[in-house]
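Enquirer: Sending over a structure as C-alpha cells; questions will come in a sec.
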Ligand code: GLN
C-alpha cells in the first residue's frame, strides 16, 4: 500500500528538525511493507482534496509564519474538504497555530489561519521553553504519554467543546495555565511538541501512520508492533528531563 503525504511549507516551517517526523513515518511504514510518498506543498501550490492521505506541517519563527500565513489561509477550504474526506493532519507548533483562526504575533500583527482547528493564538512577552510531558487518551481508556520539547511565545486558546491532545504532566502546553496541550479533531492533530516529536513517541507515530493508511485503504490497519528499544529509551530520557526541568519561562 502507498501512503501519500503532503508536506506543507517544508521550505519555511522546519525548525527543531521537524522534518525528522517525516523520516520516522517513512521508516516505520517501510518496516511494515508500506510505501510513503512525500510531496512538498508550498506557496502558490494547489491542494486537491483526495490527493493526500496525510498533511504534515512543522514549526517556524514568526517571520516565516508571516510569509506563508495568507497562502495557508487560502488553502483552508481545500484542506477542510480533504479532512472531511478522511485525510489526516499532523501540525507542529507554528504550523499548529496556523491551523486555527489566527495567530497574533509578537508585533501584534494578526496572521490569518486555515480555520481547520477551533482555536486561536496570541503571542505573549515571555517564551515558553523546555521539555514537555503529556498524558493522552486517543483511544477511550488507553492512557499513554507523549514527550517532547517546546519553544513558543504563542498562547493557544481552544474554543468551548474543543478537545486537547493531552493533559500537561510537566511543561507549559497551550498557554502555561490551562494544563492542556494541543488540539485534536478526529484525524487532525496539532501540538507544540518539537524534538522532533515522533522518534521518541513511537506509539503516536504509529497512530498517525494508521490514520493515514485508513484514508488510503478505507480501513484502519493493525500495524505489527516493532521492538522500539531505542525509541523507548529516548522517551524515558525526554520524560525524565521534562519532570526535572519542564515549565520554565525563557
Ligand atoms: N513563532 C511561533 C511562536 O513563537 C511558533 C514557534 C515554533 O514553531 N517553535 O509561538
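The values are calculated or read from the model by the stated rules, or taken from the named source; none is laboratory data. Just so you know, these numbers come straight off a predicted model, no measurement behind them. Virtual Cβ from ideal backbone geometry, glycine too; neighbours counted across all protein chains shown.
Enquirer: Against the condition out of contact with any helix residue (DSSP H, G or I) (no Cβ under 6 Å at 6 or more places or on another chain), touching a residue at least 12 places away in the same chain (Cβ under 8 Å), within 21 Å of residue 126 (Cβ to Cβ) and crowded, with 19+ Cβ neighbours inside 10 Å, how does residue 201 come out, does it pass? Step through it out loud before you land on a result.
Expert: Values: out of contact with any helix residue (DSSP H, G or I) (no Cβ under 6 Å at 6 or more places or on another chain): yes; touching a residue at least 12 places away in the same chain (Cβ under 8 Å): yes; within 21 Å of residue 126 (Cβ to Cβ): no; crowded, with 19+ Cβ neighbours inside 10 Å: yes.
Against the criterion (out of contact with any helix residue (DSSP H, G or I) (no Cβ under 6 Å at 6 or more places or on another chain), touching a residue at least 12 places away in the same chain (Cβ under 8 Å), within 21 Å of residue 126 (Cβ to Cβ) and crowded, with 19+ Cβ neighbours inside 10 Å), residue 201 does not qualify.
Enquirer: Considering only segment 230-250, I want to know if a residue exists there that is in contact with a strand residue (DSSP E or B) (Cβ under 6 Å, 6 or more places away or on another chain), within 26 Å of residue 86 (Cα to Cα) and in a helix (DSSP H, G or I).
Expert: no
Enquirer: Still on this model: State all residues of segment 82-111 that are assigned to a helix (DSSP H, G or I) and within 13 Å of the ligand (Cβ to nearest atom); if no residue qualifies, say none. So that I can check it myself, show each step before the final result.
Expert: Step one: list which residues in segment 82-111 are assigned to a helix (DSSP H, G or I), which gives 82-84, 94-97.
Answer for segment 82-111, where residues must be assigned to a helix (DSSP H, G or I) and within 13 Å of the ligand (Cβ to nearest atom): 94, 95, 96, 97.
Enquirer: While we're on this one: For segment 156-212, give me every one of the strands (runs of 3 or more DSSP E) that falls completely inside it and has 3 or more residues that are under 14 Å from the mean Cα position of the chain (by Cα).
Expert: Passing ranges, in order: 183-185, 188-191.
Enquirer: Check residue 133 against each of (1) more than 18 Å from residue 209 (Cα to Cα); (2) in contact with a strand residue (DSSP E or B) (Cβ under 7 Å, 6 or more places away or on another chain); (3) in a strand (DSSP E or B); (4) within 16 Å of the ligand (Cβ to nearest atom) and name the one condition it does not meet.
Expert: Single failed check for residue 133: (4).
Enquirer: Can you report the number of residues in segment 39-69 which are surrounded by fewer than 18 Cβ atoms within 10 Å (Cβ to Cβ), in contact (Cβ under 8 Å) with a residue 12 or more places away in the chain and more than 16 Å from the ligand (Cβ to nearest atom)?
Expert: Counting residues in segment 39-69 that are surrounded by fewer than 18 Cβ atoms within 10 Å (Cβ to Cβ), in contact (Cβ under 8 Å) with a residue 12 or more places away in the chain and more than 16 Å from the ligand (Cβ to nearest atom) gives 10.
Enquirer: Right, here's the next one. Would you point out which residue out of 124, 95, 86 is in contact with a helix residue (DSSP H, G or I) (Cβ under 8 Å, 6 or more places away or on another chain) and modelled with pLDDT of 95 or more? Walk me through it before giving the result.
Expert: Working: 124 fails: in contact with a helix residue (DSSP H, G or I) (Cβ under 8 Å, 6 or more places away or on another chain); 95 fails: in contact with a helix residue (DSSP H, G or I) (Cβ under 8 Å, 6 or more places away or on another chain).
Just a single option satisfies the conditions, and that option is 86.
Enquirer: Still on this structure, please answer the following. If residue 131 satisfies all but one of (1) surrounded by fewer than 16 Cβ atoms within 10 Å (Cβ to Cβ); (2) closer than 22 Å to residue 61 by Cα, what's the number of the condition it fails?
Expert: That leaves (1) as the condition not met.
Enquirer: Can you find a residue that is within 20 Å of residue 100 (Cβ to Cβ), away from the ligand (no atom under 16 Å from the Cβ), without any contact (Cβ under 8 Å) to a residue 24 or more places away in the chain and surrounded by 15 or more Cβ atoms within 10 Å (Cβ to Cβ) anywhere in segment 70-81?
Expert: Checked against the condition, which is being within 20 Å of residue 100 (Cβ to Cβ), away from the ligand (no atom under 16 Å from the Cβ), without any contact (Cβ under 8 Å) to a residue 24 or more places away in the chain and surrounded by 15 or more Cβ atoms within 10 Å (Cβ to Cβ), segment 70-81 yields at least one hit.
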